[in-house]
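Structure, as C-alpha cells:
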Amino acid sequence: MNNLTTFLEKFKKFAPPDDAVRTQFIVLVKEIADLDIEKSEVKVRNGTIFVVADPAAKSELYMHKKNLLGALEDAFGKKAPKDIR
C-alpha cells in the first residue's frame, strides 16, 4: 500500500486537463452569473481562462470574477486557474 501511495503522489503535480477546467467553468458561470457561454468561447492557457464573448457578458464575468475563481479553487485545489480575462 505504501508503494501505491508513493506512486500516486507523483500525479498530484499535474494540472487538471483544460477540457475539465472549461467544462467546470461553464457550469459555474451558469450558476453564479446566470450566463450561457459556449465551450468554444473559453480557452485555458498558463493558469488563465480567456473568454471570447460580447462586452456585456465579459462585464458580468468581471463582476463575478472573485466568486468564480473561488469556486474553481474549491473544485481543482491549488492547480486551479488564477485569472479570468
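The values are calculated or read from the model by the stated rules, or taken from the named source; none is laboratory data. On a predicted model such as this, the values are computed, not experimentally measured, just so you know. We place every Cβ from the backbone using ideal geometry, glycine too, and count neighbours over all the protein chains shown. Surface accessibility is based on the protein's heavy atoms, side chains included, excluding ligands, DNA and RNA. Shrake-Rupley method; radii C 1.70, N 1.55, O 1.52, S 1.80 Å.
What about residue 41, is it modelled with pLDDT of 90 or more and among the acidic types (Asp, Glu)? Spell out the reasoning first.
On the way: modelled with pLDDT of 90 or more: yes; among the acidic types (Asp, Glu): yes.
So residue 41 fits the description; yes.
Taking segment 42-68 as the search range and keeping residues that are among the polar types (S, T, N, Q) and within 16 Å of residue 80 (Cβ to Cβ), which one is nearest to the chain's Cα centre (by Cα)? Don't jump to the end; show me each part of the working.
As a first pass, look at segment 42-68 and keep what is among the polar types (S, T, N, Q): 46, 48, 59, 67.
Filter once more, keeping what is within 16 Å of residue 80 (Cβ to Cβ): 46, 48, 67.
On the way: 46: 12, 48: 8, 67: 12 Å.
Result: 48.
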## Note on the structure
By residue number, the members of segment 48-63 that are open to solvent by less than 30 Å² (accessible area, probe 1.4 Å) and either of a type in the set (Lys, Arg) or under 13 Å from residue 24 (Cα atoms) (or both) are 49
### Query
(1) open to solvent by less than 50 Å² (accessible area, probe 1.4 Å); (2) within 14 Å of the chain's Cα centre (by Cα); (3) modelled with pLDDT under 95: which one isn't true of residue 23, the others all being true?
(1)
### Message
Condition first: touching a residue at least 40 places away in the same chain (Cβ under 8 Å), hydrophobic (A, V, I, L, M, F, W, C) and either in contact with a strand residue (DSSP E or B) (Cβ under 9 Å, 6 or more places away or on another chain) or closer than 19 Å to residue 41 by Cβ (or both). Now tell me which residues in segment 57-82 satisfy that.
### Response
68, 71, 72
### Query
Which is modelled with pLDDT of 95 or more, more than 15 Å from residue 24 (Cβ to Cβ) and either of a type in the set (S, T, N, Q) or loosely packed, with under 12 Cβ neighbours inside 10 Å (or both), of 78, 66?
66
### Query
If you check every pair at least six apart or on different chains, which have Cβ atoms under 9 Å apart with a residue in segment 25-40 that is of a type in the set (Ser, Thr, Tyr) first and a residue that is in a loop (DSSP other than H, G, I, E, B) and open to solvent by 40 Å² or more (accessible area, probe 1.4 Å) second?
40/52
### Task
Quick one: in segment 35-47, of everything that is part of a loop (DSSP other than H, G, I, E, B) and open to solvent by 30 Å² or more (accessible area, probe 1.4 Å), which residue is farthest from residue 23 (Cα to Cα)?
46
